[in-house]
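In what follows, a structure is listed as structure tokens, so that the remarks can point back to it.
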Amino acid sequence: MLHAGLDLSRRKLDVCLLSDRGEHLDQLAVPPDVDSLRRLAHRIEEVLGEPVCAVVESMTGARLIHDTLEQEGWSVEIADAQKVKGLAPLACKTDKIDSLVLATLSHRDLVPAIWLPDPRVREERELARFRLHLVKHKSALKNRIHSTLINFGKPCPVTDLFGVEGRELLARLQVPEPWRSNVTASLVLIDDLERQIDDANRRLKASHADHPYIPLLMSAPGVGWVLAFTIAAEIGEIERFASPEKLAGYTGLCPRVNQSGDKDRRGPLTKHGPTYLRWALLEATMHALKHPAYQERYQRNKRRLGKQRGAKVAQIDIARRLAHAIWHMLSRNQQFAPRGAAFRLAA
């Protein structure tokens, strides 16, 4: 068995080869495209003629490396980049050294491998993430228009600036150029983005309405169809989480912990996990705060921690509680029913 460390950059892929006994065999560099990867695999097979176990860090493009080389018969793992730094901190960091570190981790069977979703889950994630991408662009344009009104001292007397009355107000808005033209262009883009978001919603419901997790997730407070689909796609398979704490840790909503002797320091959130899953849980939390299952706990933590940071910390706490509830719901195939409730609670 050969062990290969693959360090990917924009222009090249550095490859370090170790033997089964840990001896350094070769150091290569190839372009990071499909044809070059296939030629690399054929070359190593012809020269060395042994199976290869390879490791590449998680980053953009790592999945292409993984899929292409596995088709050529290699065994490829994608390593968690942050955990690799913890296992092998470097004083001198170069691409060649990085590839050697990855090859060494493979040789010693210490690779912090991440879970790879199958093509179905990858498709679901891409649909949900692209929809969120469109929503963020729309929100940014709306915020820009609100900023223009504030900068020119124009009051906003309507509740929805982008409803019927708000559009009439914007049509009569008297501001100098180029701000007037920018507002008009922003409204055109907002309308186009809303059409694309509606189209994305129709595609989601048409092709993924039978997802088994969605009806269960929609029974939780604050979770609608789109959030349910996003959470289901980001989780993938609930079986890979052994406990609710594991799922909560995966969301990145847990604080950093640094313990040494009698000292116990708690830092900011790790945010080590899918950004979109974290967003979906926090979005659901803003509605779940008023639910009987969480309202009292939220208000108690908010009062205890004070006005400055109490609300935000209390929201994060409820988001973690919601993640725990989701683990129990999906693991047991049951709808939302918090422990101790006298009746089944549904959104």
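Go through (1) open to solvent by 20 Å² or more (accessible area, probe 1.4 Å); (2) touching a residue at least 24 places away in the same chain (Cβ under 8 Å); (3) of a type outside the set (A, V, I, L, M) and name the single condition residue 98 misses.
Here residue 98 clears every test but (1).
Return the only residue of 26, 14 being open to solvent by less than 50 Å² (accessible area, probe 1.4 Å) and assigned to a strand (DSSP E or B).
Step by step, each of 26, 14 is checked, and only 14 is open to solvent by less than 50 Å² (accessible area, probe 1.4 Å) and assigned to a strand (DSSP E or B).
Can you name the residue in segment 29-46 that is small (Gly, Ala, Ser) and over 18 Å from residue 77 (Cβ atoms) and, of all such residues, is least open to solvent (accessible area, probe 1.4 Å)?
Top of the filtered list is 36.
Taking segment 267-285 as the search range and keeping residues that are open to solvent by less than 60 Å² (accessible area, probe 1.4 Å) and among the hydroxyl-bearing types (Ser, Thr, Tyr), which one is modelled with the highest pLDDT?
285
Please work out if residue 126 is of a type outside the set (Val, Ile, Thr), part of a loop (DSSP other than H, G, I, E, B), modelled with pLDDT of 90 or more and out of contact with any helix residue (DSSP H, G or I) (no Cβ under 7 Å at 6 or more places or on another chain).
So residue 126 does not fit the description; no.
Would you please list the contacts, defined by Cβ atoms under 7 Å and residues six or more apart or on different chains, that run from a residue in segment 238-265 that is within 21 Å of residue 80 (Cα to Cα) to a residue that is polar (S, T, N, Q)?
As it stands, the answer is 238/331; 252/270; 254/270; 256/270, since those pairs meet every condition given.
Exactly one condition in (1) under 30 Å from residue 150 (Cβ atoms); (2) touching a Lys or Arg at 6+ places or on another chain (Cβ under 7 Å) is not met by residue 255; state its number.
It is condition (1) that residue 255 fails.
Identify the residue in segment 56-87 that is open to solvent by less than 60 Å² (accessible area, probe 1.4 Å) and among the charged types (D, E, K, R) and, among all such residues, is farthest from residue 110 (Cα to Cα).
My answer is 72.
Any residue that is surrounded by 11 or more Cβ atoms within 10 Å (Cβ to Cβ), assigned to a strand (DSSP E or B) and not aromatic (Phe, Trp, Tyr) - is there at least one of those in segment 219-236?
no
Filter segment 132-161 down to residues that are under 33 Å from the mean Cα position of the chain (by Cα) and in a loop (DSSP other than H, G, I, E, B) and give me whichever is surrounded by the fewest Cβ atoms within 10 Å (Cβ to Cβ).
Among them, the one singled out is 159.
Would segment 290-313 turn up any residue that is open to solvent by 40 Å² or more (accessible area, probe 1.4 Å) and either under 24 Å from residue 198 (Cα atoms) or in contact with a strand residue (DSSP E or B) (Cβ under 9 Å, 6 or more places away or on another chain) (or both)?
No, that holds for no residue.
Consider only pairs whose beta carbons are under 6 Å apart and that are at least six residues apart or on different chains; among these, list those whose first residue lies in segment 46-69 and is over 11 Å from residue 8 (Cα atoms) and whose second residue is open to solvent by 20 Å² or more (accessible area, probe 1.4 Å) and in a strand (DSSP E or B).
Final answer for the pair search is 53/75.
What number of residues within segment 103-114 satisfy the criterion of being in contact with a helix residue (DSSP H, G or I) (Cβ under 7 Å, 6 or more places away or on another chain) and either touching a residue at least 24 places away in the same chain (Cβ under 8 Å) or charged (D, E, K, R) (or both)?
Qualifying residue count, segment 103-114: 3.
Would you check which residues across segment 113-131 are touching a Gly at 6+ places or on another chain (Cβ under 9 Å) and buried (at least 18 other Cβ atoms within 10 Å of the Cβ) and list them?
Result: 124, 125.
Evaluate segment 167-186: report whether one residue or more is at pLDDT below 95, small (Gly, Ala, Ser) and under 30 Å from residue 332 (Cα atoms).
Within segment 167-186, not a single residue is at pLDDT below 95, small (Gly, Ala, Ser) and under 30 Å from residue 332 (Cα atoms).
Looking only at segment 178-211, count how many residues are in contact with a helix residue (DSSP H, G or I) (Cβ under 9 Å, 6 or more places away or on another chain) and either in contact (Cβ under 8 Å) with a residue 60 or more places away in the chain or among the polar types (S, T, N, Q) (or both).
12
The values are calculated or read from the model by the stated rules, or taken from the named source; none is laboratory data. Here the structure is a predicted model, which is why all the values come from computation and not from measurement. All Cβ positions, glycine included, derive from the backbone under ideal geometry; neighbour counts span all protein chains shown. Accessible surface is based on the protein model in full, side chains and every heavy atom, while ligands, DNA and RNA are left aside. Shrake-Rupley method; radii C 1.70, N 1.55, O 1.52, S 1.80 Å.
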